[in-house]
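Chemist: Below you will find the structure I want to go over with you.
The values are calculated or read from the model by the stated rules, or taken from the named source; none is laboratory data. From a predicted model like this one, the values you see are computed outputs, not experimental measurements. When we count neighbours, we look across all protein chains shown, and the Cβ atoms used for this are built from the backbone with ideal geometry, even at glycine. We work out accessible area using only protein heavy atoms, side chains counted, and drop any ligands, DNA or RNA first. Shrake-Rupley method; radii C 1.70, N 1.55, O 1.52, S 1.80 Å.
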There are 2 protein chains.
Amino acid sequence: MTPVLARLTDRLAASARATASRLSPDVDAWIAERRRRPFESALITLDELTEPDGWGFAPGTGVLGHRSGRFFTVEGMHVTTNQGPVGEWWQPVLVQRDIAILGLIAKEFDGVLHFLLQAKMEPGNVGMVQLSPTVQATPSNYTRVHGGRPSRYVEYFTDPARGRVLVDVMQSEQGAWFHLKRNRNVVVEVRDDVAAHEDFLWLTLGQIGCLLQRPNVVNMDARTVLGCLSAMADAGASGAEVFGEPLGDPPEPGAVHPMTEVMSWLVRRKCEHEMSARLVPLTALPGWRRDTDRIRPEDGAGEFSIASVRVHARTREAPRWKQPLLAPHGPTLAGLVVRSVNGVPHALVRAEALPGYRDTIELGPTVRFPMHAYDRTPPEHRPPFLDHLLTAGDGVRYDTVQSEEGGRFLHAETRYLVVEAGDDFPRRVPPDFSWISLKQLNALQRHGHYLGIEVRSLLLCLAVACPNDRPTRSR
Amino acid sequence: MTPVLARLTDRLAASARATASRLSPDVDAWIAERRRRPFESALITLDELTEPDGWGFAPGTGVLGHRSGRFFTVEGMHVTTNQGPVGEWWQPVLVQRDIAILGLIAKEFDGVLHFLLQAKMEPGNVGMVQLSPTVQATPSNYTRVHGGRPSRYVEYFTDPARGRVLVDVMQSEQGAWFHLKRNRNVVVEVRDDVAAHEDFLWLTLGQIGCLLQRPNVVNMDARTVLGCLSAMADAGASGAEVFGEPLGDPPEPGAVHPMTEVMSWLVRRKCEHEMSARLVPLTALPGWRRDTDRIRPEDGAGEFSIASVRVHARTREAPRWKQPLLAPHGPTLAGLVVRSVNGVPHALVRAEALPGYRDTIELGPTVRFPMHAYDRTPPEHRPPFLDHLLTAGDGVRYDTVQSEEGGRFLHAETRYLVVEAGDDFPRRVPPDFSWISLKQLNALQRHGHYLGIEVRSLLLCLAVACPNDRPTRSR
C-alpha cells in the first residue's frame, strides 16, 4: 500500500469513526423538522394524469410519456429467455435514456471528511423526505425543462475544475423495472467554501452509518454513491492484490476464486443465459390491463402496477407536478450470505439475469425475492437459500428496510439482510452462485455494470456499520 | 511485480521473441496450400437468398432472418443524437443476440507458448482463408442448428475443467454495423496433448506478429482475442500502478491523466452525448431501398449496402449455405496517434459514440473514417487529425490493411495506421479526445465495453511487432 493510497483510505476510515460533528449536532431534529413541512403526494386516476398538458398516452403504441419528450416513459417490454420456468413474458417498464447525476460533495472540516446530503422530498418516498446526495438530477432537471429552479450545486459535477473527483462511475439501477437505466455516481472533493443551503447538511461517514441502521432515512441514490466511494477505498488499499493477481497460478491469498476465474464464470453465465428484451406497445400488452387508476396485471399475483400521483412540494424545483410511479405490491427481500474463508470475508452472490440490464447479467444478492409471493410459492419453487436467510438467528449482521428511488417507485421497500453463514452452510453452490471476496466485489464496483444496485447497497451497509448500534431484526 | 505475475508476462514476451517454431516451419506454404482449396463465394440476388428454405423477409417488419430463428438478422435502426451535424438517421443493422466464443488454445512446446490458429474460410474474407482463433463459433454453430459438424475444440471453452483460463472477457464489435453485439474473448492454456487437425497450426506470438505485418492474414477475431491476452500481460505487470493509483493526488508517474480522471472524462462524455438507437421495421426504411441484389442507400454517398452470397466450402461445418453480408463501399482508415510523454507511451483516443454500443460510447482510434468519403468531404468537415495521419512520414509505426469479420462483412478492409506524433503535434485536444497511456488502455481492455474493436487491433499490432520487419506504408 503506497502512502498516497493509504491517505484516502485512512481519511474515509477516520470519517467512518466520527459519529458526531459540530456541523450537524442534532441530525434527528433536523430531519424531523424537514419531514414536518407541507408536502402532498396523492394518488390520482390515469385520466387526471393525462389531462391535456403534461403526461399522455401516445396514439397507437400507448407509450405513457411527458409531452415535452423528457423525464421518462412507461412502455411495454417483451422478454424471452432460455432459462427458468417462464420462457416468455410481457410487462410495463420505465424507460429513461438520459443519465442522472448522483453527485456528492465532500469537504474536510476539522480534519474529517464530511459529505453534503440533502433532505429531499420524493412523491414515492416512505416518510416523504429522505437524505439524498447533494445533487440528484436528470438533464431534465438541471436543464430546467420543467421551468423550475436549476438544481443547486450541479456546477460542481458539470465543471471538472470545481473540485477533485474521488470517484466517477456509471452504475445500473433496477433491471426488473427499468430498461437500460444507468446513472452517473460521482463524488467531488471541494477545498473552497461551500455554503450549505437550509435543506442540506454536512455529515460524516460515521453519522451516515448510524442513519443506515434506521429504516427509510438514507435514500437509494445516496446509498449507491456512497457505495462506490467506499468501494474505491477498499479496492484502492488492495488494488495491487485484486487487480494484479489474475495472471498467477495460485489464487489471491485467501480468496476462494482468483479474479480470472470470477470474470470467466460471469462471462460463461452471460453466454449460457440468453435473454432478449424488446420494447413493444403498451397498448394490448398481454396479461396487463388499464384500469381507471392503474395499469395492472390481469391476475392478482403480479409484482407491481403503474400508479399516478399529484404532488405539491414547496422545496422542489417545480412546486407542483403529476407523474406516474411504479408501485410494487409488497416489500422485496435482498439477502446476502457472507462468511469468512481463510480469514478473508466473502459473499455469496448470484449471476442475476434481468431484462433491463445492458449486458443481461449483473451480480445480485444471494436472494432477491418479493416477500408477498412467499405464501403462494410452493417450497420447492422458492429460491435457494431463502429459508436459510429467513431463519438465521445469531448470524444476522444487518437487517433494515430501506427505500428504492422515490421519484420513480411508490413505497418500494427492500429488506436488506446480511447473514453470516454457519459452519453447516454448504460450500458447493448451484452454478449461478459464487463465493466472491468483498475486496473482489469492491474492485468490480469501480466499473459499471458488474454489481446490481441491491448488492451495492448491501456492501455499503456492511462496510459503514454504526459502532453504537447492534444489529437487530427489523421484523 | 510479483514472481507469479512476472511469469506469464515473461512467457508471453518469450513467445513474442520466438519468430520461428519447429511445429510450424513453413507458415507461408501452409497458408498458401489452404488458400488453394476449392471455396466459392458468389454474389446472388435477394430473391435467390430468400428461396423457400433458409432466409426470408418477415411479413410486416421486413426483418431479414433465417427461418430457424438463429444466426443473425438484418433489421432497421432509427438513431437520434444531440451531437454532430446529423441529428437523426435510419440504417440497416446486423442483430445477433447470442454470444460467439472466440477461443484460443495456448500450449507450451519446448518451453515456449504456442497458440492454435485455424485456417478458416469465410465468404466475405479477402483471400477467402485467414487465420482465426481455435474456435470461432456462435451457439448456432456449436449447438449445430445448421445440421453440420460441431465446432472442433469447443469443449475446451465450454468445460472449465479442460484447461486454465488466461483471459475471459466480453468485448464489443463494430458499433456502426452491429446492434449490441458482443463476443466472448477467451484464451485457455492446456497441458494435455492436443492434436492439431490439418486446418490448425501452432504459432508463437512472434510468428503471429510477423503475419500481422502482412495484409489480410490474421482475421479480426484472432486479433481481438490476442489483444485481450496481450493486454492482460501489460496490465498484469503494471496492475499495481494502474489500478492502485486512482485515489492519490499525484497522477500515475508519467501518465498525462490519472486513472480517475480518465474514468471521469469517459463518464462525462456519456452524459453529454445522448444517443438513442431503436430497432424499427426494415420495410420502408427512410433513405434506403431494396433492389434486385442489394438493400442500398438511395443516394450514392452511403457507406454500405446489404448484399447476399452463396457459399460452397469443403472445410466448414456446413458444406453449402447462403447468407446476407454487410458490404462497405470502400476501406476505412483506423488511425492512432501515439507519443511518448515523460517517457511513458500514450495514445490519443476518441470517446466515440456509436448506435450499436451497449453504453453509447467506447474508446475509438484518433480517427476512424471511410476513405471513399474523403474527396466529397470538404476539408473543414473532415475529422480532426485526419490529414496529420495521412501525411505522416517518418512517424509511421504500423501501416497495414486488415479485414473485419468475413462471416458478416463483405471485403471490409481497414487500414490500420499508427503514427508517432512529432513535437509540433498539439498537446491540447478537443473535448472528445484524450491522451491515455498504453498501460491504462490495456488495464481498461481487461473489462468489456471500454475499448472499441479498432483500438484493440491497433494496440495488438503495436505490441506484437515483428522484429524482422520494418514498417512500410501500405499505400
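Chemist: Look at the stretch B:391-426 and say how many of its residues are surrounded by 15 or more Cβ atoms within 10 Å (Cβ to Cβ) and free of Cβ contacts under 8 Å to residues at least 40 places away in the same chain.
Modeler: Summing the residues that are surrounded by 15 or more Cβ atoms within 10 Å (Cβ to Cβ) and free of Cβ contacts under 8 Å to residues at least 40 places away in the same chain in the stretch B:391-426 gives 2.
Chemist: Failed condition for residue B:440, given (1) within 30 Å of residue A:361 (Cβ to Cβ); (2) part of a loop (DSSP other than H, G, I, E, B); (3) touching a helix residue (DSSP H, G or I) at 6+ places or on another chain (Cβ under 8 Å), with all others met?
Modeler: Status for residue B:440: all satisfied but (2).
Chemist: May I pose another question? Among (1) crowded, with 19+ Cβ neighbours inside 10 Å; (2) part of a loop (DSSP other than H, G, I, E, B); (3) modelled with pLDDT under 95; (4) among the aliphatic types (A, V, I, L, M), which single condition is residue A:176 missing?
Modeler: Answer for residue A:176: the failing condition is (3).
Chemist: Now for a different question. So for the stretch A:438-448 (the condition being modelled with pLDDT under 95 and either open to solvent by 40 Å² or more (accessible area, probe 1.4 Å) or of a type in the set (Ser, Thr, Tyr) (or both)), does at least one residue qualify?
Modeler: Yes, because at least one residue in the stretch A:438-448 is modelled with pLDDT under 95 and either open to solvent by 40 Å² or more (accessible area, probe 1.4 Å) or of a type in the set (Ser, Thr, Tyr) (or both).
Chemist: Where residues in the stretch B:20-39 are touching a residue at least 12 places away in the same chain (Cβ under 8 Å) and farther than 15 Å from residue B:118 by Cα, which of them is farthest from the chain's Cα centre (by Cα)?
Modeler: B:22
Chemist: Another one. Return yes when residue B:268 is surrounded by 21 or more Cβ atoms within 10 Å (Cβ to Cβ) and basic (Lys, Arg) and no when it is not.
Modeler: Spelling it out, residue B:268 is indeed surrounded by 21 or more Cβ atoms within 10 Å (Cβ to Cβ) and basic (Lys, Arg).
Chemist: If residue A:164 passes every condition in (1) crowded, with 24+ Cβ neighbours inside 10 Å; (2) more than 25 Å from residue A:329 (Cα to Cα) but one, which one does it miss?
Modeler: Evaluating residue A:164 over (1) crowded, with 24+ Cβ neighbours inside 10 Å; (2) more than 25 Å from residue A:329 (Cα to Cα) leaves (1) as the failure.
Chemist: Another one. Looking at (1) modelled with pLDDT under 95; (2) over 17 Å from residue A:310 (Cα atoms); (3) in a strand (DSSP E or B), find the lone condition where residue A:41 falls short.
Modeler: Against the list (1) modelled with pLDDT under 95; (2) over 17 Å from residue A:310 (Cα atoms); (3) in a strand (DSSP E or B), residue A:41 comes up short only on (2).
Chemist: Evaluate the stretch A:79-101: report whether one residue or more is within 19 Å of residue A:132 (Cβ to Cβ) and either open to solvent by 50 Å² or more (accessible area, probe 1.4 Å) or not hydrophobic (A, V, I, L, M, F, W, C) (or both).
Modeler: Yes, the stretch A:79-101 contains at least one residue that is within 19 Å of residue A:132 (Cβ to Cβ) and either open to solvent by 50 Å² or more (accessible area, probe 1.4 Å) or not hydrophobic (A, V, I, L, M, F, W, C) (or both).
Chemist: Consider the stretch B:183-223. How many of its residues are closer than 22 Å to residue B:33 by Cα, surrounded by fewer than 22 Cβ atoms within 10 Å (Cβ to Cβ) and aliphatic (A, V, I, L, M)?
Modeler: Result for the stretch B:183-223: 3.
Chemist: Please find, within the stretch B:221-268, the residue that is farthest from the other protein chains (Cβ to nearest Cβ) out of those that are modelled with pLDDT of 50 or more and touching a Gly at 6+ places or on another chain (Cβ under 8 Å).
Modeler: This residue is B:254.
Chemist: Specify the residue that is farthest from residue A:454 (Cα to Cα); the eligible residues are those in the stretch A:359-369 that are under 16 Å from the mean Cα position of the chain (by Cα) and open to solvent by 10 Å² or more (accessible area, probe 1.4 Å).
Modeler: A:369
Chemist: While we're looking at this one, here's another question. How many of the residues making up the stretch A:167-213 are facing chain B (nearest Cβ under 10 Å) and among the basic types (Lys, Arg)?
Modeler: The total comes to 2.
Chemist: Going by the structure shown, is residue B:10 farther than 30 Å from residue B:381 by Cα, at pLDDT 95 or above and open to solvent by 50 Å² or more (accessible area, probe 1.4 Å)?
Modeler: Criteria not met by residue B:10.
Chemist: Another one. Collect the residues in the stretch B:378-390 that are part of a helix (DSSP H, G or I) and surrounded by fewer than 10 Cβ atoms within 10 Å (Cβ to Cβ), keeping them in residue-number order.
Modeler: Taking the stretch B:378-390 first, the residues part of a helix (DSSP H, G or I) are B:379-381, B:386-390.
If the condition is that a residue be part of a helix (DSSP H, G or I) and surrounded by fewer than 10 Cβ atoms within 10 Å (Cβ to Cβ), then B:379, B:380, B:381 are the ones that fit.
Chemist: Select, from B:356, B:287, B:330, the only residue that is surrounded by 19 or more Cβ atoms within 10 Å (Cβ to Cβ) and either away from every other protein chain (no Cβ under 14 Å) or modelled with pLDDT of 95 or more (or both).
Modeler: Testing whether each residue is surrounded by 19 or more Cβ atoms within 10 Å (Cβ to Cβ) and either away from every other protein chain (no Cβ under 14 Å) or modelled with pLDDT of 95 or more (or both) leaves just B:356.
Chemist: Return the only residue of A:61, A:9 being in a loop (DSSP other than H, G, I, E, B), touching a Leu at 6+ places or on another chain (Cβ under 9 Å) and within 13 Å of chain B (Cβ to nearest Cβ).
Modeler: When all the criteria are applied, what remains is A:61.
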